[in-house]
1. I need the fraction of alpha carbon pairs in region 11-114 separated by more than 23 Å, rounded to a whole percent.
2. Please report the accessible area of Ser30 (heavy atoms, 1.4 Å probe, ligands and nucleic acids excluded) in Å², nearest 10.
3. Choose one answer from Asp89, Asp105, Asp58: the residue with the largest mean-square fluctuation in a GNM of the chain with alpha-carbon springs under 10 Å.
4. How much net charge surrounds Val107 when only other residues with a Cβ under 14 Å from its Cβ are counted (Lys, Arg +1; Asp, Glu -1)?
5. Contact order normalised by length for region 21-121, with contacts defined as Cα pairs under 8 Å and 6 or more residues apart; what percent is it?
6. Just read off the accessible area of Val107 with the full protein assembly in place, 1.4 Å probe, to the nearest 10 Å².
7. May I ask you to rank Lys86, Lys64, Lys43 by accessible area, largest first, using a 1.4 Å probe over the protein chains only?
8. State whether region 37-82 is rounded, prolate or oblate according to the following rule on the C-alpha gyration tensor (a ≥ b ≥ c being the square roots of its eigenvalues): a/c under 1.5 gives rounded; otherwise a/b larger than b/c gives prolate, and the remaining case gives oblate.
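The values are calculated or read from the model by the stated rules, or taken from the named source; none is laboratory data. Computed from a predicted model, the values in this text were never measured in an experiment. Every residue, glycine as well, gets a Cβ built from its backbone with ideal geometry; the counts of neighbours run over all protein chains shown. Just the protein is used for accessible areas: all its heavy atoms, side chains included, with ligands, DNA and RNA removed. Shrake-Rupley method; radii C 1.70, N 1.55, O 1.52, S 1.80 Å.
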Amino acid sequence: QVQLVESGGGLVQAGGSLRLSCAASGNFFSIEVMGWYRQAPGKAREHVASISRTGSTDYTDSVKGRFTISGDNAKNLVYLQMNSLKPEDTAVYFCEANARRSPDDRVRDYWGPGTQVTVSS
């Protein structure tokens, strides 16, 4: 099992910045990808950014140039630096990990409880 705990959410004015952190713990063989998703009220959860174990990154178009994802493989941490925040970035942000419990296990999805990000106009 993998436990994920997010931190760093809060209230910020438009144009401001926040940095989210996610720590993974538990018994697992490897984490293949860690990422961030968000869900605004009344909307579906959407992918924001992800980073693979090898360091490749992927972003949804609406955050490119404003958000940066980074990770520390040794400490099983992932960060999301969010700059130039907009009111439409307001959502609950969830950390997600794709991990294997053993070398021959399939990749499984794990989710954190989420952290609220609110951007005021």
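1. 26 percent
2. 20 Å²
3. Result: Asp105 has the largest fluctuation of those listed.
4. Details: positive: Arg53, Arg100, Arg101, Arg106, Arg108; negative: Glu32, Glu96, Asp104, Asp105, Asp109.
In short, 0.
5. Reported as a whole number, the value is 32 percent.
6. That residue has around 60 Å² of solvent-accessible surface.
7. Listed by decreasing accessible area, they come as Lys43, Lys64, Lys86.
8. Numbers: a/c = 2.31, a/b = 1.77, b/c = 1.31.
Verdict is prolate for region 37-82.
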